[in-house]
1. What is the number of the single condition among (1) surrounded by 11 or more Cβ atoms within 10 Å (Cβ to Cβ); (2) more than 9 Å from every other protein chain (Cβ to nearest Cβ); (3) in a helix (DSSP H, G or I) that D:Arg99 does not meet?
2. Looking at A:Pro50 and the list (1) over 30 Å from B:Ser109 (Cα atoms); (2) open to solvent by 20 Å² or more (accessible area, probe 1.4 Å); (3) facing another protein chain (nearest Cβ under 7 Å), which single condition is not satisfied?
3. From C:Leu68, C:Leu41, C:Leu78, grab the single residue that is more than 14 Å from chain B (Cβ to nearest Cβ), in a helix (DSSP H, G or I) and not small (Gly, Ala, Ser).
4. Can you run down the residue pairs with Cβ atoms below 6 Å, 6 or more apart or on separate chains, where the first is in the range C:73-101 and over 26 Å from C:Glu22 (Cβ atoms) and of a type in the set (Phe, Trp, Tyr) and the partner is surrounded by fewer than 17 Cβ atoms within 10 Å (Cβ to Cβ) and modelled with pLDDT under 95?
5. Between a residue in the range C:8-19 that is surrounded by fewer than 19 Cβ atoms within 10 Å (Cβ to Cβ) and any residue that is part of a helix (DSSP H, G or I) and polar (S, T, N, Q), which pairs come within a Cβ distance under 9 Å, given they are 6 or more apart or on different chains?
6. Can you pull out the residues in the range D:56-90 that are more than 18 Å from C:Asn91 (Cβ to Cβ) and touching a His at 6+ places or on another chain (Cβ under 8 Å)?
7. Please work out if B:Ser109 is of a type outside the set (Phe, Trp, Tyr), part of a helix (DSSP H, G or I) and farther than 20 Å from A:Arg63 by Cα.
8. Does D:Leu5 satisfy being in contact (Cβ under 8 Å) with a residue 24 or more places away in the chain and open to solvent by less than 20 Å² (accessible area, probe 1.4 Å)?
There are 4 protein chains.
Amino acid sequence: MSTELERLAARLQDFARVRDWEQFHTPKNLAMALAGEVGELVAEFQWLTPEESQSPDAETLGRVRSELADVTAYLVRLADLLDIDLVEAANSKLDENERRYDPDLYRGSARKAPPLPS
Amino acid sequence: MSTELERLAARLQDFARVRDWEQFHTPKNLAMALAGEVGELVAEFQWLTPEESQSPDAETLGRVRSELADVTAYLVRLADLLDIDLVEAANSKLDENERRYDPDLYRGSARKAPPLPS
Amino acid sequence: MSTELERLAARLQDFARVRDWEQFHTPKNLAMALAGEVGELVAEFQWLTPEESQSPDAETLGRVRSELADVTAYLVRLADLLDIDLVEAANSKLDENERRYDPDLYRGSARKAPPLPS
Amino acid sequence: MSTELERLAARLQDFARVRDWEQFHTPKNLAMALAGEVGELVAEFQWLTPEESQSPDAETLGRVRSELADVTAYLVRLADLLDIDLVEAANSKLDENERRYDPDLYRGSARKAPPLPS
């Protein structure tokens with residue numbers, strides 16, 4: 001049984017293959033496409049206060065949803081090509097960050113922890 | 001039954017709440033954090049040729065996996081705060097792009113299609 | 001008489017030539033390097049409020065200065081390769097924006113103006 | 001006698017003041033605006049090969065010039081608000097990189113040097 005991200009990755013594969021776009025989909029190019037879409041996402045919030053960004057108007061929210069869709073698509077496609085499981089990678093990183101950021105030491109603080117000893 | 005992304009979003013919520021970091025996690029700030037991580041991802045590929053980027057060495061691949069983990073975490077956290085379903089949004093966009101990019105017209109071409117009439 | 005940006009561009013040319021790095025400095029790669037550095041810059045401000053970002057502490061300001069140096073270097077190098085005069089381009093764009101954003105219509109407003117008729 | 005960047009900074013200041021946009025121009029917001037414009041720049045090159053990016057067609061080059069203008073404007077405005085001299089900062093960084101990247105050791109190599117001892 002495949003997950004929803006695996007099904008999305010398969011659909012993105014088909015989409016590219018049918019259009020003979022696999023030639024464009026190298027990790028380098030997809031990382032650039034991802035950066036382009038994240039740039040559009042950031043631009044949606046650039047003049048809003050942090051508080052305003054919590055409840056964007058309907059039009060802004062629609063554009064943000066559309067940008068998040070593009071970001072997700074390029075991210076899933078890139079991870080698929082490099083054979084990286086995004087959810088597994090995020091969960092491993094979270095395991096690490098739970099050790100790295102002791103709640104008592106970092107409560108309410110935005111400062112960065114030193115890397116864990118490897 | 002929740003999906004793997006819902007479980008990741010819940011875990012990220014807990015991680016922030018326990019550290020009293022919810023105050024930092026506005027959509028504006030999370031979009032910036034996402035841009036920062038995507039910047040680190042792009043930097044991994046900047047001097048590689050598109051071909052080289054297809055088979056990065058083990059060390060580079062490890063760093064790329066770590067950057068993809070961070071990108072995924074901020075993306076899922078941001079979508080959760082705005083109550084946007086990333087997979088649903090990506091699938092809707094793909095429906096739209098299947099209509100927008102006719103395979104016969106756009107085969108092997110990287111040019112951009114005009115927006116669909118709304 | 002050359003300007004300070006022309007002198008910086010010439011110095012960056014030499015720096016690359018002496019190290020045989022010109023092979024890496026294509027516009028595509030330099031745009032990626034620029035995105036990577038801007039990602040690091042954005043990360044410096046991600047958890048600060050807009051107000052806090054106006055007077056960063058000395059350590060943050062030092063890192064911001066260093067990121068701005070990197071952004072400037074890649075921007076000037078990229079423009080040099082494409083034979084684009086950055087100051088002239090910025091001034092043309094400002095001419096255009098002065099027509100596009102009538103002060104009476106856009107005073108205190110962050111909304112985007114429609115493109116000028118061409 | 002002021003430099004061309006100082007004159008551009010002064011013009012950008014006036015442009016913002018006349019429209020009462022200084023309220024939006026915090027370093028945090030300007031860093032986001034810069035990231036948005038760099039995203040658009042990267043998008044222009046995403047599907048080109050590194051070689052193709054060296055001689056973009058006239059239409060692409062026109063859009064690239066326009067994006068570079070926007071990047072320059074936000075960069076100069078941000079540096080002005082933080083009282084950072086971009087050219088001086090870039091030259092200091094270049095001094096440092098000349099020591100950090102010994103031509104004999106790094107000739108033709110894209111690997112990263114360790115930071116200099118401080």
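1. (1)
2. Here A:Pro50 clears every test but (2).
3. Working: C:Leu41 fails: more than 14 Å from chain B (Cβ to nearest Cβ); C:Leu78 fails: more than 14 Å from chain B (Cβ to nearest Cβ).
That would be C:Leu68, the only listed residue that is more than 14 Å from chain B (Cβ to nearest Cβ), in a helix (DSSP H, G or I) and not small (Gly, Ala, Ser).
4. Every condition considered, the pairs that remain are C:Tyr101/C:Ala113.
5. C:Arg11/D:Asn91; C:Phe15/D:Asn97
6. Within the range D:56-90, D:Leu81 is the sole residue that qualifies.
7. Numbers: of a type outside the set (Phe, Trp, Tyr): yes; part of a helix (DSSP H, G or I): no; farther than 20 Å from A:Arg63 by Cα: yes.
So B:Ser109 does not fit the description; no.
8. So D:Leu5 fails the test.
The values are calculated or read from the model by the stated rules, or taken from the named source; none is laboratory data. Note that this is a predicted model, so its numbers are computed, not measured. Cβ sites come from the backbone with ideal geometry, for glycine too, and all protein chains shown count toward neighbours. Please note that ligands, DNA and RNA were not included when accessible areas were found on the heavy atoms of the full protein model with its side chains. Shrake-Rupley method; radii C 1.70, N 1.55, O 1.52, S 1.80 Å.
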